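*Asks:* This is the structure I want to talk about, given as C-alpha cells.
The values are calculated or read from the model by the stated rules, or taken from the named source; none is laboratory data. Predicted, not measured: the structure shown is a model, and the values here were computed from it. Neighbour counts run over all protein chains shown; Cβ positions are idealised from the backbone, glycine included.
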Amino acid sequence: MRVTKALLFGCIFTVLFYVATQAKTVTAISCSASDVQAAINQTSNGDTVTIPGGSATWNTTVTISNSHQITLDGGGCSITFSGGTLNVTAGNANNTRVTNFTFTGSGTNGNDVIELHTVTSPPSLTFRFDNNTLNCGSPSAPATIVGVYFNGPGLLDHNSFTCSHGADELIHVLGQGAEDDSGWWDVITPGGANMIFIEDNTFNDPGGAGASAFQSYYGARTVARHNTFTSMQIDQHGGGIGSRWWEFYNNNFTDAAGICLRAGSGMVYGNTNTGIIHMTQEYGTYPAEWQVGQGQEVVHGTPSNCSNVGPPGCTHGYVWNDSLPLLNTNGCAAALPGMIAFERDAYAQGDGGNGVRTGTYASRPGTCTPYQGYWATDQNTLYQCTATNTWTSYYTPYTYPHPLQGTGPAPPTNLNAIGQ
C-alpha cells in the first residue's frame with residue numbers, strides 16, 4: 001500500500017509540475033508597441049506578458065492572435081493611441097486576458113482603437129478585459145474606444161470609462177457584423193453563457209452630453225449588470241439588423257439616464273435610478289424583422305409571429321422593478337406608432353399609464369394568459385405562462401460574478417486515486 005501511495009502522489013506531483021511548467025512569464029522591455037509585440041511573439045498558449053509600467057504612444061497595431069492565448073498585464077502602463085490599435089482574437093485553448101492598463105484615445109465615426117474578437121462557434125473562445133482605465137481623449141467626432149466582435153462568451157469587468165466629448169458610443173457590441181443577420185437564426189437561452197458580459201464597470205460623462213456607454217448591433221447578445229452609469233445611456237440599436245438579446249439588471253444610473261430598446265428581446269429589471277426606458281420600432285409594418293419582441297427567424301428573412309408563437313420562436317421583452325417603460329417614444333430614435341404593443345411584444349410591470357400593467361409580480365397569479373410573465377423575487381426567476389394556467393420557469397440570471405473573474409490555473413482533472 002505504501003508503494004501504491006508513493007506512486008499515486010508521484011503521479012499527481014508529475015501532473016502538477018507538468019501543468020505549472022507549461023506556462024511562462026515574459027517581461028516586455030517597455031510598454032512601447034514594438035516591445036510589447038516582441039514579448040507577445042515569444043509566448044505560447046497560457047503564458048503571461050508583464051510590462052514594467054511607464055508610458056508610451058502607440059502608432060502601430062499590437063496584436064494578440066488566437067495562437068497566443070495569453071494574459072497581457074500592463075503593470076499600470078499608460079498607453080496613448082495615435083494611429084495605433086490593440087487587436088485581440090480569442091482562442092479555444094486558454095482564456096485571453098488584457099488587464100491593468102490606462103488607455104487614452106479613441107476612434108471616430110464608428111471606428112475603434114481596441115478590438116476584441118471571438119467567433120460564433122465554438123462558443124468556448126473566451127476573453128476577459130478587466131481593471132483598465134479608459135479615456136476617449138479629444139476626438140474630432142463622436143468617439144468609440146472598444147469594439148467587440150461576435151458573441152463571446154466574453155467579459156468586460158472592473159473597467160473605468162470616461163468621455164465627455166458629445167454623442168460618444170464608448171463600446172460597440174457588433175454581433176455578427178454589418179449586413180449579417182445570422183445572429184437571428186438560432187435559439188437564445190435566456191440567462192445563458194454565450195453572450196458579451198459587461199459587469200462591475202463605471203461609465204462617466206462629466207460633461208453630461210448624453211453619451212452611450214455601449215450600443216449593440218447585428219444580432220448581438222449583451223448582458224450589463226452591476227455597473228454604474230453617470231450621464232450615459234444604454235442603447236440597443238435598431239434601424240437595420242438590430243441587437244438580438246439583452247439582459248440589463250442591477251445597474252445604477254446616478255442621474256436617471258435612459259435605456260433605449262430599439263430591437264430584439266430580453267429582460268430589464270432591478271436597476272436603480274433609471275430614467276425612461278424607451279421601446280421603439282424605427283421602420284416596417286408589424287411584424288417587422290428585428291423589432292422589439294421578435295425572436296428566432298425560423299424562416300430566414302421572415303420575422304417570428306409573436307402573436308401566437310411561444311419561445312424559442314418568439315422571445316418578447318420583459319421589464320419589471322424599474323422606471324415606467326414608454327411605448328413608441330422618440331427619446332432614442334424616430335418611432336412608428338403602434339408597432340410595439342404590451343401584452344403582445346413586451347410585458348411590463350410599472351405604475352400605470354401608456355398601456356403598462358400595474359402592480360407587482362412578486363406572487364404568482366392564480367391564473368395566467370399565454371406569454372404573460374411574473375417575477376418571483378424569492379427565487380430570482382422569471383416564469384412565463386406557456387399555456388393557459390401553466391407557469392414555466394423561463395429565465396434565471398447567469399452566475400454572478402462571472403466565472404471568468406476567477407484567477408489562477410485550473411486544477412488538474414480526471415485524477416483517480418485507488419486505495420488498497
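*Asks:* Determine whether GLY147 is under 14 Å from THR85 (Cα atoms), in contact with an Asp or Glu (Cβ under 6 Å, 6 or more places away or on another chain) and buried (at least 20 other Cβ atoms within 10 Å of the Cβ).
*Replies:* On the way: under 14 Å from THR85 (Cα atoms): yes; in contact with an Asp or Glu (Cβ under 6 Å, 6 or more places away or on another chain): yes; buried (at least 20 other Cβ atoms within 10 Å of the Cβ): yes.
Yes, satisfied.
*Asks:* Moving on. Would you confirm, using the coordinates I've provided, whether ASP35 is free of Cβ contacts under 8 Å to residues at least 24 places away in the same chain and charged (D, E, K, R)?
*Replies:* yes
*Asks:* Right, another one. Among the residues of segment 102-109, is there at least one that is of a type outside the set (S, T, N, Q), farther than 20 Å from SER212 by Cα and either in a strand (DSSP E or B) or in contact (Cβ under 8 Å) with a residue 60 or more places away in the chain (or both)? Break it down into steps so the answer makes sense when it comes.
*Replies:* Residues of segment 102-109 that are of a type outside the set (S, T, N, Q), as a first pass: 103, 105, 107.
Checking the rest, the ones that are also farther than 20 Å from SER212 by Cα come to none.
Within segment 102-109 (the criterion being of a type outside the set (S, T, N, Q), farther than 20 Å from SER212 by Cα and either in a strand (DSSP E or B) or in contact (Cβ under 8 Å) with a residue 60 or more places away in the chain (or both)), the answer is no, since none of the residues qualifies.
*Asks:* Right, another one. Can you tell me how many residues in segment 42-101 are of a type in the set (Ser, Thr, Tyr) and closer than 18 Å to SER160 by Cβ? Outline the logic, then answer.
*Replies:* So in segment 42-101, the residues of a type in the set (Ser, Thr, Tyr) come out as 43-44, 48, 50, 55, 57, 60-61, 63, 65, 67, 71, 78, 80, 82, 85, 89, 96, 99.
Add one more test, that the residue is closer than 18 Å to SER160 by Cβ, and what stays is 55, 78, 80, 99.
The qualifying residues number 4.
Every residue, every condition in (1) out of contact with any strand residue (DSSP E or B) (no Cβ under 6 Å at 6 or more places or on another chain); (2) in contact (Cβ under 8 Å) with a residue 60 or more places away in the chain, yes or no:
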site: VAL146; (1), (2): no, no
site: ASN151; (1), (2): no, yes
site: THR162; (1), (2): no, no
site: LEU174; (1), (2): no, no
site: GLU179; (1), (2): yes, yes
site: ASP186; (1), (2): yes, yes
site: GLU199; (1), (2): no, yes
site: THR202; (1), (2): no, no
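*Asks:* Assuming ALA387 fulfils every condition listed in (1) touching a Ser or Thr at 6+ places or on another chain (Cβ under 9 Å); (2) surrounded by fewer than 16 Cβ atoms within 10 Å (Cβ to Cβ); (3) at pLDDT 55 or above apart from one, which condition is it?
*Replies:* So ALA387 meets the others, but not (1).
*Asks:* Let me ask something else about it. Does segment 228-243 contain at least one residue that is surrounded by fewer than 24 Cβ atoms within 10 Å (Cβ to Cβ), touching a Gly at 6+ places or on another chain (Cβ under 6 Å) and more than 23 Å from ILE145 (Cβ to Cβ)?
*Replies:* Checked against the condition, which is being surrounded by fewer than 24 Cβ atoms within 10 Å (Cβ to Cβ), touching a Gly at 6+ places or on another chain (Cβ under 6 Å) and more than 23 Å from ILE145 (Cβ to Cβ), segment 228-243 yields no hits at all.
*Asks:* For segment 218-307, list the strands (runs of 3 or more DSSP E) that sit wholly inside it and hold at least 1 residues that are hydroxyl-bearing (Ser, Thr, Tyr); which are they?
*Replies:* Passing ranges, in order: 221-225, 228-230, 245-249, 265-269.
*Asks:* Another one. Only one residue in ALA56, ALA39 is on the phi < 0 side of the Ramachandran plot, in a strand (DSSP E or B), at pLDDT 95 or above and surrounded by 17 or more Cβ atoms within 10 Å (Cβ to Cβ), so which one is that? Full working, then the answer.
*Replies:* Values: ALA39 fails: in a strand (DSSP E or B).
Step by step, each of ALA56, ALA39 is checked, and only ALA56 is on the phi < 0 side of the Ramachandran plot, in a strand (DSSP E or B), at pLDDT 95 or above and surrounded by 17 or more Cβ atoms within 10 Å (Cβ to Cβ).
Rundown of residues vs (1) under 22 Å from ASN159 (Cα atoms); (2) at pLDDT 85 or above, yes/no style:
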{"residue": "PHE229", "(1), (2)": "yes, yes"}
{"residue": "TYR249", "(1), (2)": "yes, yes"}
{"residue": "GLY264", "(1), (2)": "no, yes"}
{"residue": "ASN273", "(1), (2)": "yes, no"}
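*Asks:* If you take the residues in segment 157-190 that are part of a strand (DSSP E or B) and among the charged types (D, E, K, R), which one is farthest from VAL98 (Cα to Cα)? If you could, list the steps in order and put the result at the bottom.
*Replies:* Taking segment 157-190 first, the residues part of a strand (DSSP E or B) are 157, 160-162, 169-173.
When the remaining residues are screened for being among the charged types (D, E, K, R), the result is 157, 169.
Values: ASP157: 11, GLU169: 21 Å.
In this case the residue turns out to be GLU169.
*Asks:* Being within 30 Å of ARG128 (Cα to Cα) and either of a type outside the set (Gly, Ala, Ser) or modelled with pLDDT under 70 (or both) is the requirement here; does THR367 meet it? Show your work before the answer.
*Replies:* Numbers: within 30 Å of ARG128 (Cα to Cα): no; either of a type outside the set (Gly, Ala, Ser) or modelled with pLDDT under 70 (or both): yes.
Considered against the rule, which asks whether it is within 30 Å of ARG128 (Cα to Cα) and either of a type outside the set (Gly, Ala, Ser) or modelled with pLDDT under 70 (or both), THR367 comes out as no.
*Asks:* Could you look through segment 78-94, keep only residues that are touching a strand residue (DSSP E or B) at 6+ places or on another chain (Cβ under 6 Å) and assigned to a loop (DSSP other than H, G, I, E, B), and pick out the one that is farthest from THR118 (Cα to Cα)?
*Replies:* Here is the first cut: in segment 78-94, the ones touching a strand residue (DSSP E or B) at 6+ places or on another chain (Cβ under 6 Å) are 78-82, 84-90.
Now restrict to residues that are assigned to a loop (DSSP other than H, G, I, E, B): 82, 84, 90.
On the way: SER82: 25, GLY84: 21, ALA90: 5 Å.
The extreme case among them is SER82.
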